[in-house]
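What follows is a set of notes on a single structure, which appears directly below.
The values are calculated or read from the model by the stated rules, or taken from the named source; none is laboratory data. The model shown is predicted, which means the values in this text are computed figures rather than measured ones. Virtual Cβ from ideal backbone geometry, glycine too; neighbours counted across all protein chains shown.
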Amino acid sequence: MRKGWLLILLWLCSLTVTACTFGPAANDSTGGGDEIPLQGQQSQVPPDTETVIVSRTYTFGEVNDAPFAIYVQPEEVQIFEEAFLTAEKMEGQLDVSVADYDISFSPDGSYGSLHLWLDSQADFGMYTSVDDTSTGYQLTSKATDQLKELIWGTYYSPEQAMQNGDIVKLDEQIYNLDHWERFNNSLKSHTPDMVHLTSYTIEGGSIFEDLAYDGQTIKFVYDATHDAFGNRTKTVSYCTDLQSRSSSNGTEYRLTGCGDNKENDPYFRFLVP
């Protein structure tokens, strides 16, 4: 099985024109050791087990090393394998927004890396090699549905979010708040930085809010695609400032100067008690 997987991986690399990049083993992405505190029920996974590591994309051409999920069950790995091998190359050069997920395969402790797009409003997903983001491959509708069901149906625990460095809002408590203080200081000094907030619905669905500052503009991504009981909304806006206002309940932060109309972003409101 391992030899067959390696042949498949090499063929996939040839499809994406450029060579796949290789990096640390899956266990390195989770902080060391064989125990994987994600998809897999914290089971002991042998080092040579075929795995697929999924993380949320933060930057084009780079793999986010904070895992959203690690899939080890053969039937789950096969879904990813078949999805990419049945995709068709798209004509022309791509001009798209940042992807939704980074996908890393780990046979024998090495992996090739891809960017993956899964739009709730689109019937067909897409992927590129991390090394060649101008060449896209369209997934079949079946593969797109299977990946949406698998990835969007995976529970991203508060414990994993905290381990990944997210600011976690849970049961009226806020964890890793020092990351927010660091981000605010970066804004004041015009230093590029990013911060990630994760909150949870009553049903346990995760809501992601990502703020990336380039020294002048704040890019804000609101991602509710993992909310099975909501509208699976994902929006991107660009804002000029982050303003705060004190009240009896604490300090409220809002993004201002967003979009062409320079208004407040309707999705972002962060209250620090």
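Could you tell me which residue of segment 234-273 is nearest to residue 214 (Cα to Cα), considering only residues that are of a type in the set (D, E, K, R) and surrounded by 12 or more Cβ atoms within 10 Å (Cβ to Cβ)? Quick ask: steps written out before the conclusion?
First, pick out the residues of segment 234-273 that are of a type in the set (D, E, K, R): 234, 241, 245, 252, 254, 260, 262-263, 265, 269.
Still in the running and surrounded by 12 or more Cβ atoms within 10 Å (Cβ to Cβ): 234, 241, 252, 254, 263, 265, 269.
Working: 234: 21, 241: 12, 252: 23, 254: 18, 263: 20, 265: 18, 269: 21 Å.
That would be 241.
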>> Please go through segment 227-246 and give me each residue that is touching a Cys at 6+ places or on another chain (Cβ under 7 Å) and part of a loop (DSSP other than H, G, I, E, B), ordered by number.
In response: none
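Which residue out of 146, 138 is surrounded by 15 or more Cβ atoms within 10 Å (Cβ to Cβ), farther than 19 Å from residue 223 by Cα and in contact with a strand residue (DSSP E or B) (Cβ under 9 Å, 6 or more places away or on another chain)? Walk me through how you get there before you give the answer.
Working: 146 fails: in contact with a strand residue (DSSP E or B) (Cβ under 9 Å, 6 or more places away or on another chain).
From the options 146, 138, the qualifying one is 138.
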> Is there any pair with a first residue in segment 113-133 that is assigned by TED's automatic domain parsing to the domain that holds residue 57 and a second that is surrounded by fewer than 16 Cβ atoms within 10 Å (Cβ to Cβ) and aromatic (Phe, Trp, Tyr) whose Cβ atoms are under 7 Å apart and which are 6 or more apart or on different chains, and what are they?
Replying inline: 133/60
> Restricting attention to segment 53-74, which residues are buried (at least 20 other Cβ atoms within 10 Å of the Cβ) and among the β-branched types (Val, Ile, Thr)?
Replying inline: 53, 54, 57, 63, 70, 72
> Within segment 133-147, is even one residue under 25 Å from residue 233 (Cα atoms) and part of a loop (DSSP other than H, G, I, E, B)?
Replying inline: yes
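Just to be sure, is residue 181 more than 20 Å from the chain's Cα centre (by Cα), modelled with pLDDT under 95, surrounded by fewer than 17 Cβ atoms within 10 Å (Cβ to Cβ) and more than 23 Å from residue 67 (Cα to Cα)? Show your work before the answer.
Numbers: more than 20 Å from the chain's Cα centre (by Cα): yes; modelled with pLDDT under 95: no; surrounded by fewer than 17 Cβ atoms within 10 Å (Cβ to Cβ): yes; more than 23 Å from residue 67 (Cα to Cα): yes.
It is false that residue 181 is more than 20 Å from the chain's Cα centre (by Cα), modelled with pLDDT under 95, surrounded by fewer than 17 Cβ atoms within 10 Å (Cβ to Cβ) and more than 23 Å from residue 67 (Cα to Cα).
Which count do you get for residues in segment 224-239 that are touching a strand residue (DSSP E or B) at 6+ places or on another chain (Cβ under 8 Å) and touching a residue at least 24 places away in the same chain (Cβ under 8 Å)? Break it down stepwise before answering.
Filtering segment 224-239 down to residues touching a strand residue (DSSP E or B) at 6+ places or on another chain (Cβ under 8 Å) leaves 224-227, 233-239.
The next check asks that each one be touching a residue at least 24 places away in the same chain (Cβ under 8 Å); those that pass are 225-227, 233-237, 239.
Of the residues in that region, 9 qualify.
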